[in-house]
Structures are given as C-alpha cells and as structure tokens.
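FYI, it's all coordinate maths here, none of it is from the lab. Just so it is clear, the model here is predicted, and its values are computed rather than measured. We place every Cβ from the backbone using ideal geometry, glycine too, and count neighbours over all the protein chains shown.
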Amino acid sequence: MKTDKRNIFMFIAGVLCTIALFLITGAGHNTMPGKYEMEIAHRDRTHLVYVLDTTTGAVKWADSMDTPFPELKGN
C-alpha cells in the first residue's frame, strides 16, 4: 500500500513538473508577433510604399502610414 501512494505521488509530481516546464518555456498557444519590413520605392513623381511581413512573407501596399498591417491592401 505504501508503494502505491508513492507511485501516485511521483506521477502527480511528474505531471506538475511537465506543466511547469511548458508554462516556463511558453509552449502554449501564444502567437508570435510579426516582424515587418517597410520599403519605399519611387518612379518619377509616384511613391510606392509596401510592407513585408517577414514571418509569413505577405506583402501589402500602404496608402497611409497609420493603417495597421491586417487592414492594408494585399497583393
């Protein structure tokens, strides 16, 4: 009977350590913030501004500088 209690205690301790390890390393469902790169190109009198999301490779064109990335026009 003493061995059964010890086995149950060790199992619970192992589960708690595993959960603590996941919480410490951030292995939850956190989304990574995007990293963005902005380029400005110009042809004659026209300026083109595009933003590149370096994590997904999405390229979007910027009409104004105060627009969030998800609301920009995609390619």
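Counting beta carbons within 10 Å around each of E71, E37 and listing the fewest first gives the order E71, E37. Working ranking of peptides 6-14, 55-63 by packing, defined as the average number of other Cβ atoms within 10 Å per residue, highest first, is 55-63, 6-14.
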